[in-house]
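The next block holds one structure in the form of structure tokens; read it before the comments.
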Amino acid sequence: MEKISTTENSTAKISTDCVIAGGGPAGMMLGYLLARAGVDVTVLEKHKDFLRDFRGDTVHPSTLQVMHELGLLEKFLKLPHSEIRTANLEIGDRYFTIGDFTRLPTVCKFIALMPQWDFLDFLAGEARAFPKFHLLMETKADDLLTQDGTVIGVAATGPDGPFEIRAGLTVAADGRRSTLRDRSGLEVQDLGAPFDVLWLRLPVLPGDPVDLIGKVKNGQLFVMIYRTDYWQCAYLIPKGGFDAIKAEGLDNFCGRLKSIAGFAAGRIDDAIPDFDQIKLLTVTVDRLKNWARPGLVCIGDAAHAMSPIGGVGINLAIQDAVATANLLGPVLQQGTPAFADLKMVQARRAFPTKVIQAFQVAAQNFILAPTLRSMTTPKPPLLVKLFDAVPWLRQWPARFIGMGVRPEHVKLAKR
Ligand SMILES: Cc1cc2nc3c(=O)[nH]c(=O)nc-3n(C[C@H](O)[C@H](O)[C@H](O)COP(=O)(O)OP(=O)(O)OC[C@H]3O[C@@H](n4cnc5c(N)ncnc54)[C@H](O)[C@@H]3O)c2cc1C
């Protein structure tokens, strides 16, 4: 990173090989990989730290594999985390095991659950060891800088005011409400989502199962994710339905929760004294028609917001970052990537994204939405009974969720 203008009354200008807007999983992993390969990279993150509301804590086996390939796994797993080895479903009063991560062909045969800020802090700490890594916190990417239709960097605002950052490659990794994607003119396809999610926490007590449990009962869907000292819980509601739930009152809502929370029902009144304890996730499923224009490529949620089904958003973001580094790292080591180079990212990553989104859209339209509309408990589908009855089969849903489609491996060498 180099200062190219600091005269008074003129906007400060900085230059770098690659500027990445967004220090989420996609942006931080890409920043780490490029800096490790000797590319000068600058990550802009609008928040002053990584500490914020729950935003998904799942570190999937494929991400752990990437950490292993980078030689970071052992150190990473020393951070406090919990490990989930099976996925389970409770339909009415019947319990089914439908996924088994212990049979996966990866180095870690589990999903690690760790607060996203710990994961990002860890990546940032490791990346800072590389002299070509620059992380500008409290710095918001406001707009794209363009010249003859090519993106040549970003107009940003940091703690000292506005400045410009020029780069041979600009990456939009600024999440599903991406500013740079908006400014780019790239077209978004909305795939629709008929439900939203209410996130809440319940206490863990001795003797609780160490598991991931989905519960389906009387038109309600509830997911409990074991987090060592608390349960991270998701309660699914019809799209836009949170205001109606609030209008019905807290007692009604807690009553509904108690009817589905099973062994944790008795903890609800104390854990949820008001609606402030509930965080609404407005579910969006979309993707860009084209992920790139000259000088700019979008990755992670900025290219494709995922449904929370399967908890795969972080995983896909990391996989996009690895693929982008593999494809564009060698080009950046030599100079500026051409538009054709940037299009290769979509060519590589669109297929896995489309497959997972097709599964999510089918699940939300044919299973979740009808269940939320009905007041009855559905019959267990044949596939669920089959996974439960034949343990060997349980590796396949675990593979789909835990490793995704066409998992990426680190190919860009350290320099
Ligand atoms: C409540 C909730 C629960 C979730 N649960 C799960 C889960 O269990 N498992 C899972 O895999 N996924 C989950 N997800 C989705 C997951 O968080 C995302 O898919 C994943 O974080 C995408 O990574 P990303 O790096 O592409 O984008 P993000 O994680 O959204 O990161 C984007 C970053 O860019 C920053 N930023 C935004 N705009 C700008 C700007 N203009 N300039 C500079 N910086 C900017 C943001 O502050 C943020 O740090 C959940 C999401 C939410 C909201």
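The values are calculated or read from the model by the stated rules, or taken from the named source; none is laboratory data. Since this is a predicted model, take the numbers as computed values, not measurements. Using ideal geometry, Cβ is built from the backbone for each residue, glycine included, and neighbour counts are taken over all protein chains shown. Note: accessible area is taken over every heavy atom of the protein model, side chains too, but ligands, DNA and RNA are not part of it. Shrake-Rupley method; radii C 1.70, N 1.55, O 1.52, S 1.80 Å.
When Gln65 is tested against the conditions (1) over 14 Å from the mean Cα position of the chain (by Cα); (2) open to solvent by less than 20 Å² (accessible area, probe 1.4 Å), the lone failure is (2). When you scan the range 91-105, do you find a residue that is at negative phi and within 11 Å of the ligand (Cβ to nearest atom), even just one? Among the residues of the range 91-105, not one is at negative phi and within 11 Å of the ligand (Cβ to nearest atom), which makes the answer no.
Taken as a whole, the structure leaves Arg256 outside the set of residues that are surrounded by fewer than 20 Cβ atoms within 10 Å (Cβ to Cβ), of a type outside the set (Phe, Trp, Tyr) and under 20 Å from the mean Cα position of the chain (by Cα). Right, Asp341: among the acidic types (Asp, Glu) and more than 8 Å from the ligand (Cβ to nearest atom) or not? So Asp341 fits the description; yes. Checked against the criterion of being open to solvent by less than 60 Å² (accessible area, probe 1.4 Å) and at pLDDT 95 or above, the candidates Gln357, Gln395 yield just one match: Gln357. When Leu221, Leu288, Leu280 are checked against the criterion of being surrounded by fewer than 19 Cβ atoms within 10 Å (Cβ to Cβ) and of a type in the set (A, V, I, L, M), Leu280 stands alone in meeting it. In the range 309-325 there is at least one residue matching the filter, namely being within 12 Å of the ligand (Cβ to nearest atom), free of Cβ contacts under 8 Å to residues at least 60 places away in the same chain and either over 22 Å from Asp40 (Cβ atoms) or open to solvent by 10 Å² or more (accessible area, probe 1.4 Å) (or both). Checking the range 299-308 against the condition returns a match, with at least one residue being open to solvent by 10 Å² or more (accessible area, probe 1.4 Å), within 11 Å of the ligand (Cβ to nearest atom) and among the acidic types (Asp, Glu). The residue pairs whose first member lies in the range 343-355 and is free of Cβ contacts under 8 Å to residues at least 12 places away in the same chain, whose second member is surrounded by fewer than 18 Cβ atoms within 10 Å (Cβ to Cβ), and whose beta carbons are closer than 9 Å, counting only pairs six or more residues apart or on different chains, do not exist in this structure. Flag set for Asp174, criterion: open to solvent by 20 Å² or more (accessible area, probe 1.4 Å) and either within 16 Å of the ligand (Cβ to nearest atom) or within 30 Å of Leu145 (Cα to Cα) (or both).
When Asp243 is tested against the conditions (1) crowded, with 19+ Cβ neighbours inside 10 Å; (2) farther than 30 Å from Leu296 by Cα, the lone failure is (1).
Being over 25 Å from Ala112 (Cα atoms) and in contact with an Asp or Glu (Cβ under 8 Å, 6 or more places away or on another chain): is that true of Leu342 here? Criteria not met by Leu342.
So which residues in the range 65-115 are farther than 24 Å from Pro209 by Cβ and either at pLDDT below 90 or part of a loop (DSSP other than H, G, I, E, B) (or both)? Across the range 65-115, the qualifying residues are Leu70, Gly71, Leu72, Lys78, Pro105, Val107.
Among the residues in the range 336-349, are any of a type outside the set (D, E, K, R), surrounded by fewer than 24 Cβ atoms within 10 Å (Cβ to Cβ) and farther than 26 Å from Arg183 by Cα? No, the range 336-349 contains no residue that is of a type outside the set (D, E, K, R), surrounded by fewer than 24 Cβ atoms within 10 Å (Cβ to Cβ) and farther than 26 Å from Arg183 by Cα. What are the residues in the range 35-76 that are in contact with a strand residue (DSSP E or B) (Cβ under 7 Å, 6 or more places away or on another chain) and either on the phi > 0 side of the Ramachandran plot or more than 15 Å from the ligand (Cβ to nearest atom) (or both), if any? Answer for the range 35-76, where residues must be in contact with a strand residue (DSSP E or B) (Cβ under 7 Å, 6 or more places away or on another chain) and either on the phi > 0 side of the Ramachandran plot or more than 15 Å from the ligand (Cβ to nearest atom) (or both): Ala35, Val39, Asp40. Among the residues that make up the range 179-188, is at least one of them in a loop (DSSP other than H, G, I, E, B), within 11 Å of the ligand (Cβ to nearest atom) and open to solvent by 30 Å² or more (accessible area, probe 1.4 Å)? No: zero hits.
Tell me, yes or no, whether the range 78-89 has at least one residue that is at positive phi, surrounded by fewer than 17 Cβ atoms within 10 Å (Cβ to Cβ) and more than 16 Å from the ligand (Cβ to nearest atom). Within the range 78-89, none of the residues are at positive phi, surrounded by fewer than 17 Cβ atoms within 10 Å (Cβ to Cβ) and more than 16 Å from the ligand (Cβ to nearest atom).
Here is a yes/no grid of residues against (1) modelled with pLDDT of 95 or more; (2) of a type outside the set (S, T, N, Q); (3) part of a helix (DSSP H, G or I):
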{"site": "Arg287", "(1), (2), (3)": "yes, yes, no"}
{"site": "Thr324", "(1), (2), (3)": "yes, no, yes"}
{"site": "Leu327", "(1), (2), (3)": "yes, yes, yes"}
{"site": "Leu332", "(1), (2), (3)": "yes, yes, yes"}
{"site": "Leu342", "(1), (2), (3)": "yes, yes, yes"}
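Among the candidates Arg287, Arg267, the residue that is closer than 25 Å to Ile401 by Cβ and among the basic types (Lys, Arg) is uniquely Arg287. Candidates in the range 15-39 are the residues that are open to solvent by 20 Å² or more (accessible area, probe 1.4 Å) and under 17 Å from Glu164 (Cβ atoms); of these, the one that is nearest to the chain's Cα centre (by Cα) is Asp17. Cβ separations smaller than 6 Å between residues 6+ apart or across chains give the following pairs from the range 43-64 residues that are within 26 Å of Asp17 (Cα to Cα) and of a type in the set (Lys, Arg) to residues that are near the ligand (Cβ under 7 Å from one of its atoms) and open to solvent by 60 Å² or more (accessible area, probe 1.4 Å): Lys46/Lys140. Annotation for the range 49-62: no member residue is among the basic types (Lys, Arg) and in a strand (DSSP E or B).
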